[in-house]
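Got a structure here, written out as structure tokens. Questions coming.
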Amino acid sequence: MALNIPAELRRPHIESVTLSIITAGYLTAVNNATFWHRSEELLPTGALLALVAGIFCLLTALCITVSVKYLTKPLFIFLIMVSATASWFIDQFGTIIDVEMLQSAIDTTNAEAGHLISFGFIRHVVIFGILPSLLILWVKIEHRSFLQKVKQNSAFIFPALFVAVALFMLNASTFTSLGREHKEWIATLNPVMPIGNAVKLGIRSGKNQNIIVQPLGTDAKVANASSGNRKPRLTIVIAGETARAESFSLGGYKKNTNPELARQDITYFSDTSSCGTITAVSLPCIFSVYTRDEYTHEKGLETENLLDVLKHAGVHVEWWDNNTGHKSVADRVTSEALSTSDNPKYCKNGECLDGIFLDKLDTWMSGITQDTVLVMHQLGSHGPAYYLRYPDEYRRFTPDCQSAEFSKCSREEILNAYDNSIAYTDHIISSVIDRLRDKQDKLDTSLIYMSDHGESVGEFGLYLHGAPYFVAPSQQTHVPYVLWLGKDAKATIRQDCLAKEATEPQSHDKLFHTVLGLMQVKTQVYSPALDTLSSCRVNGQTNPQVANSVAVRR
């Protein structure tokens, strides 16, 4: 006979303080593998034990403080779910979840998000997030009366804070010096840092609602714009995605990832640094008037950019996007999202191969009658689903990882898939150059390719990108920069000078001014010092307003 056990007896009862201590212990120990592994490497045993005890005491004080009736379970479950979700990306990819990484997560498309939500991720969240959350839901929490609760909680909170402060003070010199030297270490503390950075992002987003865009370069004019005996100028800027210089054979990489560009008459700048390590930072920064040292998210939003200056000069500007959007760069010019196309030749499951640009380009170029700049924002080599970034005929390096879950592949397979995506980008750039060359009799053509940031493919245990710039490895900050000049533009440049310039350090800071120079736009915001081609123009042929120009800095 089945026993009729009352529901009250089947549900364990637990005091709020006890549950708080258990939850604090769980948050401290279980979902912080990366943080504790790094701590063990950096700290002597005594300081490590003090850090463990100090963090546990702080989290205990926090959990007890918020263990208010009706809020305890939701808040504890929230903390556990955040820590479980964040720990997957921190432990698997070496991701640091800062403000920009969170912004990128918000901007991501459904297709891109789908690649990240793998079986391994779901299993991890179920085991380390959902199951402990269900246990919290199951137990019945015993709360005391208000006065008794204040008295009891205070008896735990203040001693815990005292112990934490004492431990940190005793090891202050060690923690401070290591924290300054290894900022990435503290940035992996979970869930404290992800939640803190989410709050920062919320504050920043609130402030951005009131930003008014300030005009830039309203004095811009095209030199000899009224001349009727010249061809319309066309510059195509390919904004690459996640391509790192380390995987470009043009720069000496052992695999031949650039066979088509190697046959083109191009200039490759082998030492180019990015403005950021994530699209949400690099893309607006590339097109802004600000250098990397000057750029901030707010400045990028509140100041018009290169596309606006070109528009002020009467240049027709278009933006074609096959990625997650233009990040407000093209808010005031013609833009088109190709990634939403249903072209079955290139598109599947909400994403399109970059070959979709080429189909559109032929017809579009035939209709150009005025000076024009076109920006093509690639999907490029965006991970982790590298294998979806190239068609089968570009599976040149095998075996290649055919999964977005890296744990299913060896590092060699992951790298092969990534390099295949670079080879396909090589084909896209070269094919655009071919089309520009074919139009040289009617148009004065040129092309610039710059990747927005690089990618880690297992170096130092890191994958993907988005590391804070101050700790980012060169794989994420060293990017490819390719320049091709049509016969008219090339005739104005001394080739020996350009070859020498190709060996000099370059950066994203150069794009704004180099494009203005190519389009012969004169404006006070043009800086010849930041124009890659300025010093190489024949007979001193520089932008007409070089002599007195000073880049605007707000």
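The values are calculated or read from the model by the stated rules, or taken from the named source; none is laboratory data. Since we're looking at a predicted model, the values are computed, not measured. Note that we place each Cβ from the backbone using ideal geometry, even for glycine, and neighbour counts take in every protein chain shown.
Could you tell me whether any residue of region 351-366 is within 24 Å of the chain's Cα centre (by Cα), under 20 Å from Gly120 (Cβ atoms) and not hydroxyl-bearing (Ser, Thr, Tyr)?
For region 351-366, residues within 24 Å of the chain's Cα centre (by Cα), under 20 Å from Gly120 (Cβ atoms) and not hydroxyl-bearing (Ser, Thr, Tyr): absent.
Please list, ordered by residue number, the strands (runs of 3 or more DSSP E) wholly in region 277-387 having 2 or more residues that are in the same structural domain as Lys522 (by TED's automatic domain parsing) and of a type in the set (Val, Ile, Thr).
372-377
While we're on this one: Write out, first by first residue and then by second, each pair whose Cβ atoms fall under 7 Å of each other, whose residues are 6+ apart or on separate chains, and whose first residue, in region 365-394, is more than 18 Å from Asp321 (Cβ to Cβ) while the second is of a type in the set (Val, Ile, Thr) and outside any loop (DSSP other than H, G, I, E, B).
Matching pairs, first to second residue: Asp371/Val222.
Return only the number of the condition from (1) farther than 24 Å from Gly466 by Cα; (2) touching a strand residue (DSSP E or B) at 6+ places or on another chain (Cβ under 8 Å) that Gly94 does not satisfy.
(1) is the only condition that Gly94 fails.
Kindly state which helices (runs of 4 or more DSSP H) lie completely within region 148-265 and contain at least 1 residues that are over 27 Å from Thr477 (Cα atoms).
Filter on region 148-265 gives 172-181, 192-208.
Would you check if Thr18 is surrounded by 11 or more Cβ atoms within 10 Å (Cβ to Cβ), among the hydroxyl-bearing types (Ser, Thr, Tyr), at pLDDT 90 or above and touching a Gly at 6+ places or on another chain (Cβ under 8 Å)?
Taking the combined requirement at face value, the residue does not satisfy it.
May I pose another question? (1) touching a Ser or Thr at 6+ places or on another chain (Cβ under 9 Å); (2) under 29 Å from Asp438 (Cα atoms): which one isn't true of Ser282, the others all being true?
Result: Ser282 fails condition (2) only.
Give me the pairs, please: first residue somewhere in region 396-413 and surrounded by fewer than 16 Cβ atoms within 10 Å (Cβ to Cβ), second residue anywhere and outside any helix (DSSP H, G or I), beta-carbon distance under 6 Å, and either six or more positions apart or on two chains.
The qualifying pairs are Arg411/Gly458.
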